[in-house]
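Student: Structure in C-alpha cells, see below.
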Amino acid sequence: NAGVTQTPKFQVLKTGQSMTLQCAQDMNHEYMSWYRQDPGMGLRLIHYSVGAGITDQGEVPNGYNVSRSTTEDFPLRLLSAAPSQTSVYFCASRGTEKGYTFGSGTRLTVV
Amino acid sequence: AQRVTQPEKLLSVFKGAPVELKCNYSYSGSPELFWYVQYSRQRLQLLLRHISRESIKGFTADLNKGETSFHLKKPFAQEEDSAMYYCALLAYNQGGKLIFGQGTELSVKP
C-alpha cells in the first residue's frame, strides 16, 4: 500500500513548455485533489474530482487541466508554463474515513 | 463563504512553554475540522481531526462552535514540534473539498 504517489519530485520548465504532473493512489479513494503551496498563501485548491469521470475547478484553476479516467490516477497538466506557476504541488486523496492523505509533492520551477 | 483563518504566520516559543495555534472558521453547516502538520519540505500529515477528539504527540484541539474556533494546544512544547501547521475544513457542501488556512509556522527554541 503505497498511499499517494507523485512524480516527478522536481522539475524545471521553460516558459511556454507543457508538462503533466502524475498522481496515483492505491487506496481506492473516490476523492482526489490538486493543491499548490506558496509561501504566505497556504494551500490553494487547483482542481478536484469526486470520482472517475468527474472533475471540477477549485480556487486557482487557470492554466491547469485535469482528467480522471480511472479511480487511481489524477494527472495535472500545465498547458503553457508561466513563472507564476513556480510552486510546490501536492496531490491528495480521501476515502470514507474523511481525512485526506497527501503525496510527497512536486517542486516545479518555471524559468 | 467557507473560510479558514490562521491569524499568526509565525509563532515562536521556548522549549517547555505552552503553545496555542489559533484557527477560526466560517462555514454554513456542521463543520468537520482538521489540523495538518508539515515538517521541513515533507508531505502534509494529518495531526488531528475534531470528531475523534484524540491527543496526538501531546496536541489537542477542541471545536468551539460558538466562537467558530478550533485552536491547537500543547502544554509543553518540544523542539521537534517545530513545523508548519495548517488548519483545514472539510466542505461537504462543496463536493468534499478541503479548505486550508494560510498556515502557522511554529518555532520552538531550546
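The values are calculated or read from the model by the stated rules, or taken from the named source; none is laboratory data. All figures in this text were calculated on a predicted structure; none of them were measured in a lab. Heads up, the Cβs are rebuilt from the backbone with ideal geometry, glycines too, and the neighbour counts pull from every protein chain shown. The area values use the complete protein model at the heavy-atom level, side chains included, leaving out ligands, DNA and RNA. Shrake-Rupley method; radii C 1.70, N 1.55, O 1.52, S 1.80 Å.
Student: Only one of A:Ala81, A:Ala92, A:Ala52 is surrounded by 21 or more Cβ atoms within 10 Å (Cβ to Cβ), aliphatic (A, V, I, L, M) and either over 18 Å from A:Lys9 (Cβ atoms) or facing another protein chain (nearest Cβ under 8 Å) (or both). Can you tell me which?
Tutor: Numbers: A:Ala81 fails: either over 18 Å from A:Lys9 (Cβ atoms) or facing another protein chain (nearest Cβ under 8 Å) (or both); A:Ala52 fails: surrounded by 21 or more Cβ atoms within 10 Å (Cβ to Cβ).
Going through A:Ala81, A:Ala92, A:Ala52 in turn, just one is surrounded by 21 or more Cβ atoms within 10 Å (Cβ to Cβ), aliphatic (A, V, I, L, M) and either over 18 Å from A:Lys9 (Cβ atoms) or facing another protein chain (nearest Cβ under 8 Å) (or both): A:Ala92.
Student: Being within 14 Å of chain A (Cβ to nearest Cβ), of a type in the set (Lys, Arg) and touching a residue at least 60 places away in the same chain (Cβ under 8 Å) narrows it down to one of B:Lys97, B:Lys9, so name that one.
Tutor: None of the other options fit; the residue is B:Lys9.
Student: A follow-up question, please. Using the structure shown, decide if A:Met27 is among the hydrophobic types (A, V, I, L, M, F, W, C), open to solvent by 10 Å² or more (accessible area, probe 1.4 Å) and modelled with pLDDT of 95 or more.
Tutor: So A:Met27 does not fit the description; no.
Student: Still on this structure, I have one more. Does segment A:64-78 include one or more residues that are at the interface with chain B (Cβ under 10 Å from one of its Cβ atoms) and within 20 Å of B:Phe100 (Cβ to Cβ)?
Tutor: no
Student: Restricting attention to segment A:64-78, which residues are in a loop (DSSP other than H, G, I, E, B) and more than 17 Å from A:Arg107 (Cα to Cα)?
Tutor: Within segment A:64-78, A:Ser67, A:Arg68, A:Ser69, A:Thr70, A:Thr71, A:Glu72, A:Phe74 qualify.
Student: With segment B:27-83 as the region, which strands (runs of 3 or more DSSP E) entirely inside it contain at least 3 residues that are open to solvent by less than 10 Å² (accessible area, probe 1.4 Å), under 27 Å from A:Arg107 (Cβ atoms) and of a type outside the set (S, T, N, Q)?
Tutor: B:32-38
Student: Tell me yes or no: at least one residue of segment A:2-16 is touching a Ser or Thr at 6+ places or on another chain (Cβ under 7 Å), within 15 Å of B:Leu44 (Cα to Cα) and among the β-branched types (Val, Ile, Thr).
Tutor: Scanning segment A:2-16 turns up at least one residue that is touching a Ser or Thr at 6+ places or on another chain (Cβ under 7 Å), within 15 Å of B:Leu44 (Cα to Cα) and among the β-branched types (Val, Ile, Thr).
Student: Using the structure shown, decide if A:Gln22 is surrounded by 18 or more Cβ atoms within 10 Å (Cβ to Cβ), touching a strand residue (DSSP E or B) at 6+ places or on another chain (Cβ under 8 Å) and over 23 Å from B:Tyr92 (Cα atoms).
Tutor: no
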